[in-house]
Protein chains: 2
Amino acid sequence: MNGAESLVRTLAAAEVGACFTNPGTSEMHIVAALDRATQMRCVLGLFEGVVTGAADGYARMVEKPACTLLHLGPGLANGGANLHNARRAHVPMVNIVGQHATAHLQYDAPLTSDIEGIARPFSNWVRTSRASSELGRDAAEAIVAARTAPGQIATLIVPADAAWNDGGAIAAKPMIPKAPLPSNESINRAASMLRAGLPTALLLAGGALHSEGLAAAGRIAAATDARLLAPYPLTRVQRGAGLPSVQRIPYIHEQAVDLLKGFRQLILVGAAVPVDYFAHPDRSSELTPPDCEIHALAKPGEDYLGALDALSAALSIGNNAPILAEKAERPPAPAGEITLPGLAAAIAAVLPDGAIVVDEAMTSGRGIMAATKGAPPHDWLGNTGGSIGIALPLAVGAAVACRTRRVLCLTADGSGMYTAQALWTMAREGLNVTNVVFANRTYAVLQREFLGLGIGAPGPRAAELLDIGRPTLDWVQLGKGMGVPGSRVTSLEAFAKALTQGFEGDGPTLIEVPL
Amino acid sequence: MNGAESLVRTLAAAEVGACFTNPGTSEMHIVAALDRATQMRCVLGLFEGVVTGAADGYARMVEKPACTLLHLGPGLANGGANLHNARRAHVPMVNIVGQHATAHLQYDAPLTSDIEGIARPFSNWVRTSRASSELGRDAAEAIVAARTAPGQIATLIVPADAAWNDGGAIAAKPMIPKAPLPSNESINRAASMLRAGLPTALLLAGGALHSEGLAAAGRIAAATDARLLAPYPLTRVQRGAGLPSVQRIPYIHEQAVDLLKGFRQLILVGAAVPVDYFAHPDRSSELTPPDCEIHALAKPGEDYLGALDALSAALSIGNNAPILAEKAERPPAPAGEITLPGLAAAIAAVLPDGAIVVDEAMTSGRGIMAATKGAPPHDWLGNTGGSIGIALPLAVGAAVACRTRRVLCLTADGSGMYTAQALWTMAREGLNVTNVVFANRTYAVLQREFLGLGIGAPGPRAAELLDIGRPTLDWVQLGKGMGVPGSRVTSLEAFAKALTQGFEGDGPTLIEVPL
């Protein structure tokens, strides 16, 4: 057995169920080995940012790593921005990156680069395998690294000779370390904060926003009058009618400050202290009021569910205690001219049960989460690292992971163009993704930030650098060019109808919404 | 004056004539400063791989650096693959990368990353500016680094507070160090090799393939019966009727070996020893015969023109000695069904005087260089680092640099999809680029490499990972979606006609050639 075979079989045996890839010459033996690993689904992307973003979306839904297969340093670099987002999302991921054969490196051939150096800023674990005999073991250790709580990016670099030489050995299924519980002191402190009767919020992240963790948090909220919050950089939350009511902290500084000013205590469950995305010359980066006491009940990598259960026990809240839940509430499908509230209402009116919403409509989509809180239960995935161009790839991964569910991908003309190649993969794989492109013809976030700097309006040359409306991007043509049928809508009725058709049909569709 | 203003004015004063950018929030003060730097042309890209590839194309033609302006670590990473190509091309480039304000870094906000770590594998020089007062000086030093022979990638990281604080000072126009001459010993050794009467080739790179260097090499070739070669990873060569005859070493191993086996001596002028792109289990990576004597007349960073002049002098070749030149030779425009030789002949028949050909048609385009050697004088730019997705961005940069010349961009469906967003920038800037997309619906290079590994034909799952024909990419729609008109051609007459229309019209066009 060659090294490539041992690598792929070790991954498959450890339940790595999908490989997202854009391979090159130095990975051909691994491609050959994938041919025989029929339990692993292989998905091709035409650009590596699609590959890494899709592996992220897959992991968010499955809670186990997918692997990527990338071509040398430049292929890895192309995937870097969405690896940044995935690292910030605390998802598990195993990147397999090809390297020149060991004897070839001395020649400094054109594609030679410092792959470990490229990998390190985006990875929690990096290793270059030394021989075919070690590749299986290295893969197993990469999986352990990836699955170590709260979820990590593991990058294994595979020299071509390690892949093609004989002597490969499949590693045993690795033992994944359990996340440790926080200290009793930490739990008791959170309990005493919740008993103090002050306005308090629990800021949840990771598994604390899924099923059992979320239910435990919802019981604590109901019993203590605490509010549940989620960070703006949101990996995944389960939400909708009957599920615990969680408010996401807004992106806009003033809105975030306004939400948080009401709290005297903030208990973090896997989440970071909420701060601004960007500094501003005239204000603090902190969003919480100065007199707010902040305590990390569970730090990233600790056992969030265990911590919430222990906190419930400390507060004597039973497993069947009531949950602070959202009421079922759907607006009627709206009609008339396109408005942002109208678009949000249309989505809320028709979102199917069990949908997965991928959200990167940064400016145009801000009202949609509030509008859909009473819709049937669904998942919501956000941009976790602030690097735009994640939504379409994330939708690919979520749809590959959950074949029977409907994915709604909310993107925009600015963010969508970074990784538009994802549409082709959606068409190829027949993924049930309804893509909405909010086309405001501008980098609206930047226009807002520019105005907020207090240096006046942008002059004509600066304004050009924030304007993406000349020429107009025609998303219907772009979609068709990649095999995704679509339409442009100019009324709310047409938008709701196109959404419904997308949710009911087979394969991907695209809806361009000029704004 | 704030730091941003001092940065931009220092760049403009040092003849950095273009800024290719995809900016973000942390770069808004620099965008504001660019508004006033009217001598610098600002060009927006929708994806950073377009930005860095365009800066490369600009520098190849102008022989001075453009700057890029990129958003934090992920923006830089998105530009990394084409930075790899640019570093390998030995072109000068100054990257300006935004960083969070210094006081904001402590919060580990979502977009925080190790920007220096991301920059280092792709840069010859990296610095984070420490204060507004140092930004002008840092920019000047970045320019010196970029322009130090043979041309380098300099990356200057600018914290937002260094940009927005007062205290900026424009730096004096920097002194660029002259490239040193090789030693007399090196020149004399090359002269004695050329006098030995053995089959000899000069392998040229960098400026040795432009104007005066090329003329000097052409005189040496004519006087000594030496052959002139260029590396497959080709930054830029001036070629065509009346210009020195230079043969590019082929990409295909067997063809390269076949070309080089005739030489007993190889003299390098700025070029690296020719080696395979990739290792193969059963063969050496070296392309020259074992008994070939190899001597570097000039190493990268030395003065190639000076070295060639000194070599001419040592060989007593006068400045007016004859040049080994290409004869003018145009095939008639071909007709009939599409064939690869027919496509090459059509290009040779209609290529305009002074064209700039950007070449990344890796499989389909191999015959075009031979067919066009007798066409009117033109420049030829290749992929230098092997990371595909360079052609469309490179064409943007070359067209921005040379407004009065025609650019022919030869790309393919596989390579074109990595950075197709470049089409939008072409349309926006009204660039005279005729884009030819050879659509073979496959990663043909990989299919060939897979078959060459001796592990049999790819099985069905592996074959899927090399096939990009399902769904079919419709490049005419993709182009139109980004504002570039185009057509699909199915005969050689139609191809030649579409080429001619592209060369004669205003703005970009696209021709899809299904194969």
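The values are calculated or read from the model by the stated rules, or taken from the named source; none is laboratory data. All of these numbers come straight from a predicted model, not from anything done at the bench. Here the Cβ positions follow ideal geometry from the backbone for every residue, glycine too, while neighbour counts run over all protein chains shown. Areas reflect the complete protein model, heavy atoms only, side chains present, ligands, DNA and RNA absent. Shrake-Rupley method; radii C 1.70, N 1.55, O 1.52, S 1.80 Å.
In the set A:ARG36, A:ARG41, which member is within 8 Å of chain B (Cβ to nearest Cβ) and either among the charged types (D, E, K, R) or open to solvent by 10 Å² or more (accessible area, probe 1.4 Å) (or both)?
Of A:ARG36, A:ARG41, the one residue that is within 8 Å of chain B (Cβ to nearest Cβ) and either among the charged types (D, E, K, R) or open to solvent by 10 Å² or more (accessible area, probe 1.4 Å) (or both) is A:ARG36.
Could you tell me which numbered condition B:SER183 fails, if it satisfies all but one of (1) in contact with a Gly (Cβ under 9 Å, 6 or more places away or on another chain); (2) of a type in the set (Gly, Ala, Ser); (3) free of Cβ contacts under 8 Å to residues at least 40 places away in the same chain?
(1)
Within the stretch B:335-345, how many residues are of a type in the set (A, V, I, L, M) and in a helix (DSSP H, G or I)?
So the answer is 4.
Is it fair to say A:PRO199 is surrounded by 18 or more Cβ atoms within 10 Å (Cβ to Cβ), modelled with pLDDT of 95 or more and more than 14 Å from chain B (Cβ to nearest Cβ)?
So A:PRO199 does not fit the description; no.
Report whether or not B:ASP161 is open to solvent by less than 10 Å² (accessible area, probe 1.4 Å), modelled with pLDDT of 95 or more and among the charged types (D, E, K, R).
In short, no.
Which of the residues that make up the stretch A:346-379 are of a type in the set (Gly, Ala, Ser), under 19 Å from A:VAL246 (Cα atoms) and not in a loop (DSSP other than H, G, I, E, B)?
Answer for the stretch A:346-379, where residues must be of a type in the set (Gly, Ala, Ser), under 19 Å from A:VAL246 (Cα atoms) and not in a loop (DSSP other than H, G, I, E, B): A:ALA348, A:ALA370, A:ALA371.
Of all residues in the stretch B:361-381, count the ones that are at pLDDT 95 or above and open to solvent by less than 20 Å² (accessible area, probe 1.4 Å).
The number of residues fulfilling the criteria is 8.
Based on this model, can you work out whether B:ILE252 counts as more than 23 Å from B:ALA216 (Cβ to Cβ) and within 14 Å of chain A (Cβ to nearest Cβ)?
yes
If you go through the stretch A:407-415 one residue at a time, do you hit one that is open to solvent by 30 Å² or more (accessible area, probe 1.4 Å) and modelled with pLDDT of 95 or more?
No: the stretch A:407-415 contains no residue that is open to solvent by 30 Å² or more (accessible area, probe 1.4 Å) and modelled with pLDDT of 95 or more.
Scan the stretch B:35-55 for residues that are under 23 Å from the mean Cα position of the chain (by Cα) and assigned to a helix (DSSP H, G or I) and report the count.
The number of residues fulfilling the criteria is 8.
Pairs only if they're at least six apart or on different chains, beta carbon under 7 angstrom, first in the stretch A:312-332 and in contact (Cβ under 8 Å) with a residue 24 or more places away in the chain, second open to solvent by 60 Å² or more (accessible area, probe 1.4 Å); list them, first residue then second.
A:ALA314/A:ASN188; A:LEU315/A:ALA223; A:ILE317/A:ALA223; A:ALA321/A:ALA223; A:GLU326/A:LYS373
Can you say whether B:LYS173 is over 18 Å from B:ILE115 (Cβ atoms), charged (D, E, K, R) and modelled with pLDDT under 95, as far as the supplied structure shows?
So B:LYS173 fits the description; yes.
When only residues in the stretch B:79-116 that are open to solvent by 10 Å² or more (accessible area, probe 1.4 Å) and facing chain A (nearest Cβ under 8 Å) count, which is nearest to A:HIS280 (Cα to Cα)?
Only one residue fits best here, namely B:ALA103.
Would you tally the residues in the stretch A:136-171 being within 14 Å of another protein chain (Cβ to nearest Cβ), more than 23 Å from A:ALA32 (Cβ to Cβ) and of a type in the set (Gly, Ala, Ser)?
0
Looking at (1) more than 27 Å from A:TYR232 (Cβ to Cβ); (2) in contact with a helix residue (DSSP H, G or I) (Cβ under 6 Å, 6 or more places away or on another chain), which is the only condition B:ILE143 fails?
(2)
For B:GLY75, work out the one condition from (1) open to solvent by 10 Å² or more (accessible area, probe 1.4 Å); (2) closer than 23 Å to B:ASP138 by Cβ it doesn't fulfil.
Against the list (1) open to solvent by 10 Å² or more (accessible area, probe 1.4 Å); (2) closer than 23 Å to B:ASP138 by Cβ, B:GLY75 comes up short only on (1).
Out of all the residues in the stretch B:462-484, is one or more modelled with pLDDT under 95, surrounded by fewer than 19 Cβ atoms within 10 Å (Cβ to Cβ) and part of a helix (DSSP H, G or I)?
Checked the stretch B:462-484: at least one residue is modelled with pLDDT under 95, surrounded by fewer than 19 Cβ atoms within 10 Å (Cβ to Cβ) and part of a helix (DSSP H, G or I).
Quick check on my filter: what residues within the stretch B:128-143 are open to solvent by 40 Å² or more (accessible area, probe 1.4 Å) and not acidic (Asp, Glu)?
If the condition is that a residue be open to solvent by 40 Å² or more (accessible area, probe 1.4 Å) and not acidic (Asp, Glu), then B:THR128, B:ARG130, B:SER133, B:ARG137 are the ones that fit.
Does B:SER133 satisfy being away from every other protein chain (no Cβ under 12 Å) and of a type in the set (S, T, N, Q)?
Answer is yes for this residue.
Taking interchain pairs and intrachain pairs at least six residues apart, which have beta carbon atoms under 6 angstrom, with the first residue in the stretch A:82-95 and closer than 22 Å to A:ALA420 by Cα and small (Gly, Ala, Ser) and the second open to solvent by 10 Å² or more (accessible area, probe 1.4 Å) and modelled with pLDDT of 95 or more?
Correct list of pairs: A:ALA89/A:THR235.
Per-residue answers, yes or no, for (1) closer than 24 Å to A:PRO233 by Cβ; (2) part of a helix (DSSP H, G or I); (3) more than 14 Å from the chain's Cα centre (by Cα):
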position: A:SER6; (1), (2), (3): no, yes, yes
position: A:ALA33; (1), (2), (3): no, yes, yes
position: A:GLY57; (1), (2), (3): yes, yes, no
position: A:ALA86; (1), (2), (3): yes, yes, no
position: A:PRO110; (1), (2), (3): no, no, yes
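Could you tell me whether the stretch B:2-25 includes any residue that is touching a Ser or Thr at 6+ places or on another chain (Cβ under 8 Å), open to solvent by 10 Å² or more (accessible area, probe 1.4 Å) and in contact (Cβ under 8 Å) with a residue 12 or more places away in the chain?
The answer is yes; a qualifying residue exists.
Checking B:ALA314 against (1) of a type outside the set (Ser, Thr, Tyr); (2) more than 22 Å from the chain's Cα centre (by Cα); (3) at positive phi, which test does it fail?
Single failed check for B:ALA314: (3).
Does B:ALA344 fit the bill of being closer than 30 Å to B:PHE278 by Cβ and either touching a residue at least 24 places away in the same chain (Cβ under 8 Å) or open to solvent by 20 Å² or more (accessible area, probe 1.4 Å) (or both)?
Answer is yes for this residue.
Which one is nearest to B:LEU214 (Cα to Cα), of the residues in the stretch B:302-350 that are aliphatic (A, V, I, L, M) and in contact with a Lys or Arg (Cβ under 7 Å, 6 or more places away or on another chain)?
Initially, the stretch B:302-350 is screened for residues aliphatic (A, V, I, L, M), giving B:305, B:307-308, B:310-311, B:313-315, B:317, B:321, B:323-325, B:328, B:333, B:335, B:338, B:340, B:343-350.
Going one step further and asking which of them are in contact with a Lys or Arg (Cβ under 7 Å, 6 or more places away or on another chain), we end up with B:317, B:321, B:323, B:348-349.
Details: B:ILE317: 14, B:ALA321: 13, B:ILE323: 9, B:ALA348: 22, B:ALA349: 25 Å.
Out of the qualifying residues, it is B:ILE323.
Provide a single number: the residues in the stretch A:485-507 that are under 26 Å from A:THR339 (Cβ atoms), open to solvent by less than 30 Å² (accessible area, probe 1.4 Å) and within 14 Å of chain B (Cβ to nearest Cβ).
Total meeting the criteria: 1.
Considering the stretch A:44-77 alone, what residues qualify as being aromatic (Phe, Trp, Tyr) and within 13 Å of another protein chain (Cβ to nearest Cβ)?
A:PHE47
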